[in-house]
Each structure stands twice: as C-alpha cells, then as structure tokens.
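What follows is a single structure, written as structure tokens, with notes after it.
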Amino acid sequence: MKKLINSRFLFAVPALVFLFIFVLLPVFSVFVMSFFSWDLLSPPKFTGWDNFLRLLEDKWFWNSIWVSIKLLMMTVPMCFFVPLALAVCLYKETTFSKILRAFFYWPYMMPAVAGTTMFKWLLSYDLGLLNHIIKSAGFSPVPWLLKPTPALFAISLLRTWGMTGLLMMMFITGLQSVPEEFHEAARVDGANRWQTFWYVTFPLLKNTNLLVLTTAIAHVFRDFAGVYVLTGGGPGYSTMVTPLYIYNTAFTQWRIGYAYAMSVVFLLVSFVIAVVTLRVRER
Amino acid sequence: MARYIKLIFLIVMLLLYMLPVYYSIASSFKGLKEIYSYPPTVFPQNPSLQGYIEALRKQDMLTYLRNTLFVAVVATIITVMTSVMGGYGLAKGTFIGKITLNRLVVMTLFITAQVIMVPLFVIIRRLGLINNLWGLILPAVYTPTGMFTAIQYMRDIPDEFLESAKVDGASEWAIFWKIVFPLSKPLIAALSIFSFTWRWNDFVLPLLVVNKRSLYTLQLALAVIQGEFGGTPWNTILAFSTLTIIPTLVIFLLFQRFFMRGITAGGLKY
C-alpha cells in the first residue's frame, strides 16, 4: 500500500509558493476583478458585466485584435518559410552549418529592447541604411515607421528576424529525425531533390510544421517589448496590439478593472493557443 | 549547381540578418556630426568614442548595470534552487493530485508576464515591492520553462539510486543533497545560463515595477532614453545597445549548445 503523500513532495513547496503567488493568483484575480471598476486609489466597486459590455463597444479594443490578426497574416508565412529554407540548407552537422546557425540564432537571444533599437535605427527614414540602399537602387525610400502599413510590415520583419533562430532549430531537429533511407528510396525512384523534399520529407515533418506554426503564432500574438519600442502602437493606433492597448488602459488611464476585462479575453485566446500547441506536442 | 544556389541564398540571408547589428555597431562609433549627416555612411569615417563616453557618463549606465546584475544574479540563484528542488519534488514525490499539478506546470508555459501584466502589477504593489529591486526578483523566480525542464530532468534519475540510499538509512534531506544535487549539475548549468539571460533581457517586469531612475535596469533605461523629451543622440543610444548585447553574446558563444538544444525542447521564451 503506497502512502498518499510523502515527505519528498515537500521539496516542491518553495517553487509552488512562487507559482501560486505570481502565476495562479494573477490568473485567478483576472476573472474576479474584471467585474469591478477600479482606479487603484479608491476601493474597487462591483459593476457586474459593465466592463464586458463596454468591451463589446470599444472599437480600439477590436482594432487591437484586428491589428494582431493582420500581423499574424503578414508574419507567420515569413516565419515559416524562411526558417524552413535555412534549416534545409543547414541541417547537416558540419562546422560550416554550426557557425551559420549561431548567427541566425543570435537575434533570438538578444535583449528584445536592444535588438528592436537596432532595427529602429536601420529603418530610420532619412538616416537608416535600408532606405539608403533602397534609394541607391533607384527606388523611393519607404516611410517604415511613419505610415500604417509599412509600420506593420516593419514589426513583422522584426518578429521574423527575432524568431528565425528558434524556429530554424525546430526544423533542424525535425529534419534530422527523418531517416536517410527515405531520401535514398525516393532518389532510386528517379525523383529530383525538389520533388524528394516536397513529396517525401515535407509531409514527414507534419508535427514539426505544426509546432513551428503554433510557436510563431504565440510569439507574435503576445509580443510587447518589440512593438513598444519600435512604434509605440503608432502611427495613430495602426500598430496598437492587444497587450500594448491593455498596458496603456491600465497604466496611463488607470482603468484597472477595464484592463482586467480585456485581460480575460487575452488570456482566453492565449489559452486556446496553449491547448492546441500541447495537443501537437503530445503527438 | 544546387550547391551554389544554396551558398548564395545563405550568404544573402546572413547579410540581411546581420545588417541591423552591423549598422548599429558601426554607427555607435560615429561622432554626433557624422551620425546625423546625410547620406548615411556605411563605415564610420571619423571613428569616435563619443557615444560610449556619453552612455557611461551622462546616462548612468553603471548604476543600471549594477541593478541589472543584482537582479539577474540573485534571481538566478533562487530560481535554480527552487526549480531543482521543485522538479525533484514533483517528479519523485508522491502526493494527491500529482498528475494535475504536473499538467498545471505545463500550462504555465503559456502564461507569460505580458498576458498577466495588470494583475501582476497589482500583486507586486500589494506586496509593497513597487520601486524595489526585489519586485523584479521574486515575481521572476518561478519560470515555467525552468520548472518544466527540471521535472523532465528529474524523471530520468533512476529510482533505484534513491531507494538504495533510503535502505541505507539516509534521510530525505541527505538523499537530496548527497545524491540528487550532484547528479543535477548539467541541469543547474542550463538553468543558470537561461535564467541569467532571461533576467538580463527582461523588459516587461522592470517597466511595471520600477519608475525611479536610480533603480532602472539596462533594458528599461535603453527604452526610456529613446522616448525622452529632447531626445538622446543616436550614437549614445546605439553605444548603449551595443554594450548591453555584448554579455549575451559572450554567454551565447560559451554555451551555444545549451541554447541551440535546450530551448528547442522548451520552445518558449520567458
């Protein structure tokens, strides 16, 4: 007969205390406090569904969701095919590919603020190297951070730049797990490299593909630091993503209760992404 | 033929990916006049350390460095200790709801600070840790990826090791320190490297917790000086950025394999 609980479990207590105070309690409080109106100074006032009704009519909130969707549509294809192409070129364990992998991985582990700052400088309208190159090639300079669509595209480039290393490594892990015999069998049948890749290797990467997609979506959806530093949500509200909008509502307007209500929606979407990712990973 | 296409593709991509880094580092060595002159120069024509001197003197970079190091080192020590112990407890302990608790840890992989910003701020405030460096440490101690990695690692330690020590009469405490802890060296190394880098890179938590200049961390200061009225000159901002990516580059080059392998398994940045 095994004991229901033993003293070894006690080792987990410190970690669980931190988990409880700084993760579970915040998540739980989001659901409770979203029914209150609160400015941090006076005591919270219970207002029922008011925050959520206001949420339905808040066009800037829905704008922020729409901005995130647009960002996803721009970013996810780039975040899929660029790392895939790099992984196909670099999946073999040679010194050459190991060195190159490190370069592509570096942006991922740089501090987000510092990396974004460098991007911002590169994209500067009149002082940036990118517009200088574009102009030298005879095109007109792009107002990267000054117009809505280029600004969204700039964020999308920034995210792809920052995430490529991680996603490339996922693809490399996937590619290395495809047995060499599959390629050989296809070669014998007379398929060329391109055909072998699309009809043999790529379908075998199904789980990796899904993992890359969900990871990319999760990163784009909750990116805060990048947008905060690169555009600050502007011009206007054109790049105001959901976390940034929540941040502004809470910490510049001090509408804490309302920010909680928005966090509920944000949390639920994150939760859906989490469940899908976990399903994929368990396969 | 295919080989050359591949090589050209890789070179083009490498140039593109290193372009922001190269241009920023090159520009950080330009003087005030050159950095604002048009057209931009690809190489600094009159190399100058003006940006670096400004960053270190006028921007109090050493204060931010001290704050960042304090937070990163202390948080890393506590994270490593609690994660190693926690991973052991959750993987090898017996208790009601073990499976649920382990699943819960996996779910927390998706709850990052950005998602729970507002309640996190309220709780830190309630604990009286606003404008306190401990407010940057304690909320960061539990890292989902760290905990998840620790549980996975502990599962692979054979039960026989623990059982035989128990038969010999060792206490649970002694088993942990004499057997489990020494076996966990690779885990401790990986957790330390990750935790330090996460804290060094962190922006969301400092933004929420600290608004006194003397308590800024490097990344928070870098973001703030860009938005300040009157503006900080770009060569100073870029010198600042360059200095803050150097330590992460050194850690990365020294421990490359940890990053390339480890994070792929965890998959998420926290």
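The values are calculated or read from the model by the stated rules, or taken from the named source; none is laboratory data. Remember, predicted model here, so these are calculated numbers, not experimental data. Counting neighbours? That spans all protein chains shown, and the Cβs are built from the backbone with ideal geometry, glycine included. Surface areas here come from the heavy atoms of the whole protein model, side chains and all, with no ligands, DNA or RNA. Shrake-Rupley method; radii C 1.70, N 1.55, O 1.52, S 1.80 Å.
Just one of the numbered conditions (1) among the hydrophobic types (A, V, I, L, M, F, W, C); (2) more than 10 Å from chain B (Cβ to nearest Cβ); (3) in a helix (DSSP H, G or I) is not true of A:L278; which one?
(2)
Quick check: anything in segment A:123-135 in contact with a Pro (Cβ under 6 Å, 6 or more places away or on another chain), crowded, with 22+ Cβ neighbours inside 10 Å, more than 8 Å from every other protein chain (Cβ to nearest Cβ) and of a type in the set (S, T, N, Q)?
So far as segment A:123-135 goes, yes, one or more of its residues are in contact with a Pro (Cβ under 6 Å, 6 or more places away or on another chain), crowded, with 22+ Cβ neighbours inside 10 Å, more than 8 Å from every other protein chain (Cβ to nearest Cβ) and of a type in the set (S, T, N, Q).
Which condition does A:I133 not pass, out of (1) outside any loop (DSSP other than H, G, I, E, B); (2) in contact (Cβ under 8 Å) with a residue 40 or more places away in the chain, if it passes all the others?
Exception for A:I133: condition (2).
Any residue in segment A:266-277 that's among the hydrophobic types (A, V, I, L, M, F, W, C) and modelled with pLDDT of 80 or more: show its pairings with residues that are loosely packed, with under 15 Cβ neighbours inside 10 Å and not in a helix (DSSP H, G or I) at Cβ separation under 6 Å, as long as the two are six or more apart or on different chains.
Pairs that qualify, where the first residue is among the hydrophobic types (A, V, I, L, M, F, W, C) and modelled with pLDDT of 80 or more and the partner is loosely packed, with under 15 Cβ neighbours inside 10 Å and not in a helix (DSSP H, G or I): there are none.
Is there a residue in segment A:51-58 that is open to solvent by 20 Å² or more (accessible area, probe 1.4 Å), more than 10 Å from chain B (Cβ to nearest Cβ) and of a type in the set (A, V, I, L, M)?
Yes, segment A:51-58 contains at least one residue that is open to solvent by 20 Å² or more (accessible area, probe 1.4 Å), more than 10 Å from chain B (Cβ to nearest Cβ) and of a type in the set (A, V, I, L, M).
On the given criteria, is A:L25 surrounded by 18 or more Cβ atoms within 10 Å (Cβ to Cβ), facing chain B (nearest Cβ under 9 Å) and within 25 Å of B:L129 (Cα to Cα)? Talk me through it step by step, then tell me what you get.
Working: surrounded by 18 or more Cβ atoms within 10 Å (Cβ to Cβ): no; facing chain B (nearest Cβ under 9 Å): yes; within 25 Å of B:L129 (Cα to Cα): yes.
Considered against the rule, which asks whether it is surrounded by 18 or more Cβ atoms within 10 Å (Cβ to Cβ), facing chain B (nearest Cβ under 9 Å) and within 25 Å of B:L129 (Cα to Cα), A:L25 comes out as no.
Can you spot a residue in segment A:72-83 that is open to solvent by 10 Å² or more (accessible area, probe 1.4 Å), within 11 Å of another protein chain (Cβ to nearest Cβ), at pLDDT 90 or above and under 25 Å from the mean Cα position of the chain (by Cα)?
Step one: filter segment A:72-83 for residues open to solvent by 10 Å² or more (accessible area, probe 1.4 Å), giving A:72-74, A:76-78, A:80-82.
So of that shortlist, the ones also within 11 Å of another protein chain (Cβ to nearest Cβ) come out as A:82.
Next, only the ones that are at pLDDT 90 or above stay: A:82.
Add one more test, that the residue is under 25 Å from the mean Cα position of the chain (by Cα), and what stays is A:82.
Scanning segment A:72-83, I find at least one residue that is open to solvent by 10 Å² or more (accessible area, probe 1.4 Å), within 11 Å of another protein chain (Cβ to nearest Cβ), at pLDDT 90 or above and under 25 Å from the mean Cα position of the chain (by Cα), so the answer is yes.
Taking A:K120 as meeting all but one of (1) surrounded by fewer than 21 Cβ atoms within 10 Å (Cβ to Cβ); (2) facing chain B (nearest Cβ under 9 Å); (3) among the charged types (D, E, K, R); (4) touching a Leu at 6+ places or on another chain (Cβ under 7 Å), write down the number of the exception.
Every condition holds for A:K120 apart from (1).
Among the residues of segment B:86-133, write down those that are modelled with pLDDT under 90, within 20 Å of the chain's Cα centre (by Cα) and not aliphatic (A, V, I, L, M).
B:T108, B:F110, B:T112, B:Q114
If you take the residues in segment A:210-254 that are within 9 Å of chain B (Cβ to nearest Cβ) and of a type in the set (G, A, S), which one is surrounded by the fewest Cβ atoms within 10 Å (Cβ to Cβ)?
Ranking the candidates gives A:G232 first.
Here's the yes/no breakdown for (1) within 13 Å of chain A (Cβ to nearest Cβ); (2) without any contact (Cβ under 8 Å) to a residue 60 or more places away in the chain; (3) out of contact with any Cys (no Cβ under 9 Å at 6 or more places or on another chain):
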| residue | (1), (2), (3) |
| --- | --- |
| B:L56 | no, yes, yes |
| B:L62 | no, yes, yes |
| B:A72 | yes, no, yes |
| B:G86 | yes, no, yes |
| B:G89 | yes, yes, yes |
| B:I96 | yes, yes, yes |
| B:L101 | yes, yes, yes |
| B:M107 | yes, yes, yes |
| B:Q114 | yes, no, yes |
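Regarding segment B:167-188, can at least one residue be identified that is crowded, with 18+ Cβ neighbours inside 10 Å, within 13 Å of another protein chain (Cβ to nearest Cβ) and under 24 Å from the mean Cα position of the chain (by Cα)?
yes
Kindly check whether there is at least one residue in segment B:218-236 that is closer than 16 Å to B:Y88 by Cα, out of contact with any Ser or Thr (no Cβ under 8 Å at 6 or more places or on another chain), of a type outside the set (A, V, I, L, M) and not in a loop (DSSP other than H, G, I, E, B).
Filtering segment B:218-236 for residues closer than 16 Å to B:Y88 by Cα gives none.
The answer is no, given that none of the residues of segment B:218-236 is closer than 16 Å to B:Y88 by Cα, out of contact with any Ser or Thr (no Cβ under 8 Å at 6 or more places or on another chain), of a type outside the set (A, V, I, L, M) and not in a loop (DSSP other than H, G, I, E, B).
Output the residues belonging to segment B:247-270 that are closer than 16 Å to A:R101 by Cβ, within 9 Å of chain A (Cβ to nearest Cβ) and at pLDDT below 65.
B:R261, B:I263, B:T264, listed by residue number.
Which pairs turn up if I take residues in segment B:24-42 that are closer than 14 Å to A:S124 by Cβ and look for partners that are modelled with pLDDT of 80 or more and of a type in the set (F, W, Y) with beta carbon separation below 6 Å, at least 6 apart in sequence or on another chain?
If the second residue must be modelled with pLDDT of 80 or more and of a type in the set (F, W, Y), the pairs left are B:S24/A:W121; B:I35/B:W234.
Would you point out which residue out of B:F161, B:F148, B:F121 is more than 23 Å from A:L25 (Cβ to Cβ) and of a type in the set (A, V, I, L, M, F, W, C)? Lay out the reasoning, then the answer.
Values: B:F148 fails: more than 23 Å from A:L25 (Cβ to Cβ); B:F121 fails: more than 23 Å from A:L25 (Cβ to Cβ).
It is B:F161.
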